[in-house]
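Below you'll find the structure, written out as structure tokens, and then a few comments.
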Amino acid sequence: MIRARREFLRLTSAAAIGGLFGTLSYPAAALDYPTRPVRVIVPFAPGGPTDVFARLLAQQLSEQMKVQFYVENLAGAGGNIGTGRAAEATADGYTLLVDGANLVVNPELYKQVPYDPIKDFAPITIAVVSPVILTVHPSLPVHSVKELVELIKANPAKYSYASPGVGTPPHLVGELFRLTLKLDLVHVPFNGGGPAIGSAVAGHTPISFGAMAPAVPLVKAGALRALAVSTKTRSQALPEVATMAEQGYPEIEGETWFTLVAPARTPKDIIALLYRETSKAVAAPVVKERLASLGYEPVGSTPEQCDAQFKTEMAKWARVIRDAGIKGE
């Protein structure tokens, strides 16, 4: 009996010690990470919204984690070149990618892309979101989405809308608007949010589906009239502007967002650490203030929520792209 008890204690103690070391060994990679600079790939040129956000995030992560996070711009092919390079990188946490909705849209938009958004990347977080804003030139006799729809239907083939470019979230929301409501409305793409909103201000394309950042000061100055935002809730940047859903169009929903991802097979403990640090970064007062000026609001979704949103967005926008016949440039 005594011998049996001793053997039981020996086995249970060994199991407990083994379990302890098993628990300690799981986050070992994160405990040693990062020990050298971390590259953050942005698949667009410097100065654009993705680049601005990435640099803001990289600076904050550098301060928090005491190691340099630096941005490398690898632009071209609508973001496909840089994204493909990120997918091929070593999965050790030292190469990350900051990207927008084109990460999940481009596989449907282009005939061929050098990555699979689900298989080739480990989601970390959707860090921030921003509504797409519907604005019109003040000369248009409309003050609501309903009035705009009636105006377009009463004047087929007369009106056009500007967007920051083919396949961008504002363009896709504009096409969702056009298709859902069966409107005779022409899309005019521009090379960025600034030129698109400038065309609306000049009255060349009197309707615009665009980004918040360039639109907010123009709306406040009276150069444009904001009719709606495309998110479920109102924007803090323009709280007086109603949502599409509030005006009776809940199906017209879409947003601009930025995500942080790593190459697939990056250790889960590193992913968890980066998620925590990124969530902390976008919630920092100095970062929140800067994001608000750009029309973005912090989210910090979990890796699981991020993955689920990728899949939902892929299915939703693939239908719009096919129905509208959109092709990547």
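Conditions tested, residue by residue: (1) crowded, with 18+ Cβ neighbours inside 10 Å; (2) modelled with pLDDT of 90 or more; (3) within 25 Å of Ala283 (Cβ to Cβ); (4) of a type in the set (Asp, Glu).
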{"residue": "Tyr33", "(1), (2), (3), (4)": "yes, yes, yes, no"}
{"residue": "Ala54", "(1), (2), (3), (4)": "yes, yes, yes, no"}
{"residue": "Lys66", "(1), (2), (3), (4)": "no, yes, yes, no"}
{"residue": "Gly79", "(1), (2), (3), (4)": "yes, yes, no, no"}
{"residue": "Glu88", "(1), (2), (3), (4)": "no, yes, no, yes"}
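Test Ala237 against the criterion of being in contact with a helix residue (DSSP H, G or I) (Cβ under 6 Å, 6 or more places away or on another chain) and either in contact (Cβ under 8 Å) with a residue 24 or more places away in the chain or not assigned by TED's automatic domain parsing to the domain that holds Glu150 (or both), and give yes or no. Give the steps one after another, and end with the answer.
On the way: in contact with a helix residue (DSSP H, G or I) (Cβ under 6 Å, 6 or more places away or on another chain): yes; either in contact (Cβ under 8 Å) with a residue 24 or more places away in the chain or not assigned by TED's automatic domain parsing to the domain that holds Glu150 (or both): yes.
Yes; evaluated as a whole, the condition is true for this residue.
Looking at the stretch 75-94 only, could you name the residues that are closer than 21 Å to Arg265 by Cβ and not basic (Lys, Arg)?
The answer is Gly82, Thr83, Gly84, Ala86, Ala87, Glu88, Ala89, Thr90, Ala91, Asp92, Gly93, Tyr94.
Counting just the residues of the stretch 52-78 that are in contact with a Phe, Trp or Tyr (Cβ under 6 Å, 6 or more places away or on another chain) and not in a loop (DSSP other than H, G, I, E, B), which one comes out farthest from Thr35 (Cα to Cα)?
Top of the filtered list is Phe53.
What are the residues in the stretch 261-290 that are assigned to a helix (DSSP H, G or I) and either among the β-branched types (Val, Ile, Thr) or in contact with a Ser or Thr (Cβ under 9 Å, 6 or more places away or on another chain) (or both), if any?
Ile270, Ile271, Leu274, Tyr275, Thr278, Ser279, Val282, Val286, Val287
With Gly295, Gly325, Gly248 as the choices, which residue is in contact with a Lys or Arg (Cβ under 9 Å, 6 or more places away or on another chain) and at positive phi?
Matching residue, one of Gly295, Gly325, Gly248: Gly248.
Condition (residue is buried (at least 18 other Cβ atoms within 10 Å of the Cβ) and acidic (Asp, Glu)) applied to the stretch 143-159: is it met by at least one residue?
no
The rows are residues; the columns are (1) under 30 Å from Lys288 (Cα atoms); (2) touching a strand residue (DSSP E or B) at 6+ places or on another chain (Cβ under 7 Å).
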| residue | (1), (2) |
| --- | --- |
| Pro141 | no, no |
| Glu150 | no, no |
| Pro169 | yes, yes |
| Leu172 | yes, no |
| Thr180 | no, no |
| His187 | no, yes |
| Met212 | yes, yes |
| Leu218 | yes, no |
| Ala221 | yes, no |
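Mind checking whether some residue in the stretch 296-309 is modelled with pLDDT under 95, among the hydroxyl-bearing types (Ser, Thr, Tyr) and over 29 Å from Tyr94 (Cα atoms)?
No: zero hits.
Test Thr95 against the stated conditions and say whether it is in the same structural domain as Ile118 (by TED's automatic domain parsing), surrounded by fewer than 16 Cβ atoms within 10 Å (Cβ to Cβ), over 20 Å from Lys111 (Cα atoms) and modelled with pLDDT of 95 or more.
Values: in the same structural domain as Ile118 (by TED's automatic domain parsing): yes; surrounded by fewer than 16 Cβ atoms within 10 Å (Cβ to Cβ): no; over 20 Å from Lys111 (Cα atoms): yes; modelled with pLDDT of 95 or more: yes.
For Thr95, the condition - in the same structural domain as Ile118 (by TED's automatic domain parsing), surrounded by fewer than 16 Cβ atoms within 10 Å (Cβ to Cβ), over 20 Å from Lys111 (Cα atoms) and modelled with pLDDT of 95 or more - is not met.
Gly194 - would you say it is at pLDDT below 95, more than 20 Å from Thr256 (Cα to Cα) and surrounded by fewer than 17 Cβ atoms within 10 Å (Cβ to Cβ)?
no
How many of the residues making up the stretch 68-77 are at pLDDT below 95 and among the hydrophobic types (A, V, I, L, M, F, W, C)?
Qualifying residue count for the region: 2.
Listed here are the residues, each with its yes/no results for (1) assigned by TED's automatic domain parsing to the domain that holds Leu238; (2) within 30 Å of Ser199 (Cβ to Cβ).
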| site | (1), (2) |
| --- | --- |
| Ala86 | no, no |
| Thr90 | no, no |
| Leu109 | no, yes |
| Val149 | yes, yes |
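Only one residue in Ala281, Ala264 is in contact (Cβ under 8 Å) with a residue 60 or more places away in the chain, outside the structural domain of Ser199 (by TED's automatic domain parsing), hydrophobic (A, V, I, L, M, F, W, C) and in contact with an Asp or Glu (Cβ under 6 Å, 6 or more places away or on another chain), so which one is that?
When all the criteria are applied, what remains is Ala264.
Go through (1) touching an Asp or Glu at 6+ places or on another chain (Cβ under 9 Å); (2) crowded, with 17+ Cβ neighbours inside 10 Å and name the single condition Ile271 misses.
(1)
The values are calculated or read from the model by the stated rules, or taken from the named source; none is laboratory data. None of the values given here were measured: they were computed from a predicted structure. Cβ: placed from backbone, ideal geometry, glycine included. Neighbour counts: every protein chain shown.
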